[in-house]
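Structure record follows, encoded as structure tokens.
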Amino acid sequence: MVDRIEKNFFALNRPYEDAKAVIFGAGFDGTTSFRPGTRFGPSAMRSESIGLESFSPYQDKDLEDAPI
């Protein structure tokens, strides 16, 4: 069986009621020319964000602790 991959940014799973900010993508191909496909950008950013490090040693903070 294949595990379900979260479709959230950084795979964060915080309820909307607990969040102070919400990040959402709204891809729109209406103003592109020559090569449409910008509508897939938000989904690609969410899926690739899973592989990023959430901890910043420079700020000594973890994005997973942020109320988003």
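Computed from the coordinates by the stated procedures, all read-outs in this text should not be read as laboratory data. Just so it is clear, the structure is predicted and the values come from calculations on it, not from any experiment. Every residue, glycine among them, receives a Cβ derived from its backbone with ideal geometry; neighbour counts consider all protein chains shown.
Between N8 and E53, take the C-beta separation as r, use R0 = 22 Å, and let me know the FRET efficiency to the nearest 0.05.
Working: r = 17 Å, r/R0 = 0.75.
Efficiency at R0 = 22 Å is approximately 0.85.
Considering only DSSP states other than H, G, I, E and B, which trypsin sites (Lys or Arg not before Pro) in the chain qualify as loop sites with at most 14 other Cβ atoms within 10 Å? Display every interim value, and only then the final one.
On the way: sites: R4, K7, K20, R39, R46, K61; in loops: R4, K7, K20.
Passing both the DSSP loop test and the Cβ count: R4, K7, K20.
You can think of it this way: the chain between A44 and D18 has 6.8 nm of extra reach, that is 0.36 nm per residue less the Cα-Cα gap.
Inverting the pair-averaged 1/r between distinct Cα atoms of the chain gives 14.1 Å as its Kirkwood hydrodynamic radius.
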